[in-house]
1. Do we find a residue being more than 10 Å from ligand 1 (Cβ to nearest atom), in contact (Cβ under 8 Å) with a residue 12 or more places away in the chain and open to solvent by 30 Å² or more (accessible area, probe 1.4 Å) anywhere in segment 434-446?
2. From the list G99, G132, G43, which one is on the phi > 0 side of the Ramachandran plot and at pLDDT 95 or above?
3. Taking only segment 159-211 into account, find how many residues are in contact with a Gly (Cβ under 9 Å, 6 or more places away or on another chain), within 16 Å of ligand 2 (Cβ to nearest atom) and in a helix (DSSP H, G or I).
4. What's the number of the only condition in (1) under 31 Å from the mean Cα position of the chain (by Cα); (2) more than 16 Å from ligand 2 (Cβ to nearest atom); (3) modelled with pLDDT of 95 or more that N370 fails to meet?
5. If W417 passes every condition in (1) open to solvent by 10 Å² or more (accessible area, probe 1.4 Å); (2) in contact with a Phe, Trp or Tyr (Cβ under 9 Å, 6 or more places away or on another chain); (3) away from ligand 1 (no atom under 13 Å from the Cβ); (4) part of a helix (DSSP H, G or I) but one, which one does it miss?
6. Since R395 meets every condition but one in (1) open to solvent by 10 Å² or more (accessible area, probe 1.4 Å); (2) in contact (Cβ under 8 Å) with a residue 24 or more places away in the chain, which condition does it not meet?
7. Which strands (runs of 3 or more DSSP E) sit wholly inside segment 1-98 and have at least 1 residues that are in contact with a helix residue (DSSP H, G or I) (Cβ under 6 Å, 6 or more places away or on another chain) and open to solvent by 80 Å² or more (accessible area, probe 1.4 Å)?
8. I'd like to verify a number: residues in segment 141-165 that are open to solvent by 50 Å² or more (accessible area, probe 1.4 Å) and within 17 Å of the chain's Cα centre (by Cα), how many?
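The values are calculated or read from the model by the stated rules, or taken from the named source; none is laboratory data. Note that the structure is a prediction, hence the values are computed from the model and not measured. Neighbour counts run over all protein chains shown; Cβ positions are idealised from the backbone, glycine included. Side chains are part of the model used for accessible areas, which takes the heavy atoms of the whole protein and leaves out ligands, DNA and RNA. Shrake-Rupley method; radii C 1.70, N 1.55, O 1.52, S 1.80 Å.
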Amino acid sequence: MIEPGGYIRDLLAGPAPRAAEARGWVKTRRDGKGVHFVQLNDGSCFQDLQVVMEAGAIPAETLRQVTTGACIRAAGDLTPSPGAGQAVELRAREIEVYGGADPASYPLQKKGHTLEFLREIAHLRTRSNTFGAVFRVRNALAFAIHRFFQERGFLYVHTPVISASDAEGAGAMFQVTTLDLMNLPRSNGGIDFTQDFFGRKTFLTVSGQLEAEIFALAFSNVYTFGPTFRAENSNTPRHLAEFWMIEPEVAFCDLDGNRRLAEEFLKYIIAFVLDRCAADLEFFNKRIDSTVLATLAHVAGSDFEHVSYTEAVRMLERARDGGRAFEFPVGWGMDLQSEHERYLTEEVFRKPVIVTDYPAEIKAFYMRLNDDGRTVRAMDVLAPRIGEIIGGSQREERYDVLLDKIRRHGLPEQDYWWYLELRKYGTAPHAGFGLGFERMMMYLTGMKNIRDVIPFPRTPGSAAF
Ligand code: 4AD
Ligand code: MG
């Protein structure tokens, strides 16, 4: 019988000497006189288990197959290790090779590989030190997020992946259809989508927010955590076509409450991952970005800054007039570009900053209009190195104002009938935000390309694996 469990993590932490067994993939092998050392990893922790094989104890034919990349079972005695670098080691009495890996062709050799090369072997990069650490952090981060909201009584709601409305009103959607593209049904000179699978045009969702609002106006505090899709042609290190988003939606909450929730949330998940993934973060700090640990500790322990959009633009204008060069123009009414966001958070404040009250024209239709009639209760949380990590707002809960905004944004009113009806029956002030899961991963790990913090990245022109 082969049973699961018996993680290398537990062997490394447990008592020795004792009889023990380990299963995993060979990272490296080193040969001494009549004795061979293998670094074995099963993904359960950053550290490998050293397996010591004596030529007399293990058949030569078996030993020959124990090479980098091979999957083996090693059984023997776990003993205190005389060597440096590990507290215990496994002295093998028996080795079973589940699957060999021809050293002549196995692509993951000991020498360092570029992240670009590893992206091309996404089926094997999971066994490298870097991606082992990335995906353990990703797992811990997901758990931290659920824990934060569950501890506070939020209801986890599963919003649909296939959607008929554009939640952001930005038109960057992937269409979902089963129509025969070579033979499209026509009516009145256009395509007849009543013959499509759902009897209408449908898309992959860009956000679960609008559906989350339905739930917040019944369950008070809710959150979504699911995949979202954007067909924007942004080939940057910070954009994916398929990414994961966490969207809390909170009834009886205004923008100030939303801002506080976002800050508490980010600090909580940082502290959790710092605690849970210490060895992995140590690795990122040593090999990827030497500022990661200090930055995270600093952020977890200090207050975020808060400025209005209007103040932020003034700061940028002053910097520009003082000789700071920006590629894109700055001025009231223009959206903040990534370079502007990074200037504010990296050079002015040197910590996360929350910018609020943006011009209505550059933000989505659902954000609550301020009394000045030209700004909305929007907030973006900007983080050093990343720029925008969270986008959110207080929602427009007044029927007439919302209807007017949908029309001004040129959106098809009939698609939003239920969203409007929520404002007709038992409306309430409410607010929420969306955290880009992969942006948060970049922040935690110091990884510079968003393609390297998601198992299988989808970007323009690329959907391998
Ligand atoms: O600012 P966004 O577009 O906001 C929304 O979708 C709202 N419905 C959220 C809400 O209020 N419930 O996206 C939220 C976050 C961004 O701040 C960013 O971190 C991330 O999602 N994001 C992306 N991450 C990776 N690739 C992309 N193409 C992204 N677009 C947005
Ligand atoms: Mg945004």
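1. no
2. G43
3. So the answer is 1.
4. (1)
5. For W417, the exception is condition (2).
6. (1)
7. Answer list for segment 1-98: 18-31.
8. 3
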